[in-house]
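Okay, so here's the structure we're looking at.
The values are calculated or read from the model by the stated rules, or taken from the named source; none is laboratory data. Note that the structure is a prediction, hence the values are computed from the model and not measured. Cβ: placed from backbone, ideal geometry, glycine included. Neighbour counts: every protein chain shown. Only protein heavy atoms, including side chains, enter the accessible area calculation; ligands, DNA and RNA are left aside. Shrake-Rupley method; radii C 1.70, N 1.55, O 1.52, S 1.80 Å.
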Amino acid sequence: MSEEGEVRQQRGIQSVEVGGQLLRALVHHGRPMALSDLAREADMAPAKAHPYMVSFGRLGLIEQDPVSGQYLLGPLALQLGLIGLQQNNPVQIASPLIDALAASIGQTVAIAVWGDRGATIVRLAESPAAVHVVMRHGTVFSLTDTASGRLFGAYMEPAVVKRFLEDERARRKQRDRLESTPQPGMPAAAPVPSWREFEAHLDEVKRHGLSRSTGEIVPGVNAMAAPVFDHKGAIVLAVTAIGAAGVFDSSWDGAVARALKDCARQVSQRLGAPSS
């Protein structure tokens with residue numbers, strides 16, 4: 001192929017790339033944004049940005065809050081992100097196992113992977129019980145306040161964890177400025193711990209090979225998570241059980257803990273993880 005042919009083949013559509021900067025800004029900030037803020041982040045005038053947002057809305061890439069007028073990611077963007085995460089081989093291996101796990105322990109079981117904003121649910125198996133905790137695909141777990149978040153924190157590189165810890169601290173401060181009082185029935189959010197304080201939680205996770213949370217996010221709801229490792233010994237996903245405290249055994253060596261470890265071990269073995 002001639003040099004001219006290579007240039008022609010690689011030529012893109014500039015308007016798509018320009019509009020893509022608006023989507024990048026929305027993803028980067030991870031929260032609903034006003035048109036003026038999006039335009040500023042993408043280095044363009046609001047009048048120029050608006051037609052792009054209209055087209056993105058028609059495609060389902062974004063949607064606009066009818067009350068605040070702010071923009072957030074739409075259903076198509078969420079589906080694209082989840083499909084991208086689900087195509088990871090570990091998720092394909094773990095998915096058939098969590099249905100049996102949910103049935104055996106009587107709790108909702110989720111598969112979470114580490115995404116751009118933290119531990120993210122990509123697969124769910126609901127509890128067979130008539131009353132159970134309902135979760136949603138795409139939910140992002142707090143690094144510091146959830147079993148899944150702390151599990152990834154314990155086994156990832158400290159430099160990465162420290163960066164996400166500071167990001168969570170910044171988001172918490174911003175949320176506290178916008179929300180002067182906690183939502184009814186919800187506990188006040190605990191302060192984001194210092195790195196030294198957080199290390200103590202991570203050490204506990206490593207000692208038990210599990211992470212747990214007891215009513216930290218929602219009163220009366222407990223969770224426990226076990227790590228899955230790949231052939232390099234790196235954590236690739238969390239198998240997380242979630243349930244009502246009254247029927248959820250959160251002891252470190254209880255039935256839920258043993259079942260989670262066994263499921264995670266099976267997936268890790270199929271991924272060629274080193275024997276512990």
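To the nearest 20 debye, what charge dipole does the chain have about its Cα centre, counting +1 at the Cβ of each Lys and Arg and -1 at the Cβ of each Asp and Glu?
Values: 28 positive and 28 negative charges, 26 e Å.
It comes to approximately 120 debye.
For the chain, modelled as a Gaussian network with Cα springs under 10 Å, which listed residue fluctuates most, Glu199, Glu63, Glu17?
Greatest mean-square fluctuation among the candidates belongs to Glu17.
Sorted by accessible area with a 1.4 angstrom probe, largest first, how do Asp43, Asp99, Asp145 fall? Present the calculation step by step, with values, prior to reporting the outcome.
Numbers: Asp43 140, Asp99 75, Asp145 20 Å².
Putting Asp43, Asp99, Asp145 in descending order of accessible area: Asp43, Asp99, Asp145.
Computing the accessible area with a 1.4 Å probe over protein heavy atoms, can you report the carbon and sulfur percentage for region 201-248?
After summing per-atom areas, the C and S share lands at 53 percent.
Just to be sure I understand the model, the point goes 7 Å from the Cα along the line to the Cβ. What's the resulting Lys173 to Met156 distance in nm?
Here the modelled spin labels are 2.1 nm apart.
Mind checking which lysines have their Cα closer than 28 Å to the Cα of Lys173? Skip sequence neighbours fewer than 8 apart in that chain.
Excluding near neighbours in sequence, the set is Lys162.
Can you tally the net charge around Phe248? Count Lys and Arg as +1, Asp and Glu as -1, for every other residue whose Cβ sits under 15 Å from the Cβ of Phe248. Before the final figure, lay out each step's value.
Values: positive: Arg212, Arg258; negative: Glu126, Glu216, Asp249, Asp253.
Net local charge, Phe248 excluded: -2.
Roughly how many Å² is the accessible area per residue of the chain, as a whole number, for a 1.4 Å probe?
Details: 15560 Å² over 276 residues.
On a per-residue basis, the chain sits at 56 Å².
Using a 1.4 angstrom probe on heavy atoms only, work out the carbon and sulfur share of the accessible area of region 21-109 in %.
Numbers: 2780 of 4910 Å².
That share works out to 57 percent.
Two decimals is fine: what's Rg over Rh for the chain, C-alpha atoms, Kirkwood radius as Rh?
Result for the chain is an Rg/Rh of 1.02.
Per DSSP H run of at least 4 residues, take -39500 (n - 2.57); add these up for the chain, divide by its residues and hand me the 222 nm value, nearest 500 deg cm²/dmol.
Estimated from H runs of four or more residues: -15500 deg cm²/dmol.
For Lys261, which lysines qualify as cross-link partners when the Cα separation must be under 22 Å and same-chain residues fewer than eight apart are set aside?
Lys206, Lys232
Under the definition of Cα pairs under 8 Å and six or more residues apart, what whole-number percent is the relative contact order of the chain?
On the way: 423 pairs, mean separation 40.2, N = 276.
Rounded, it is 15 percent for the chain.
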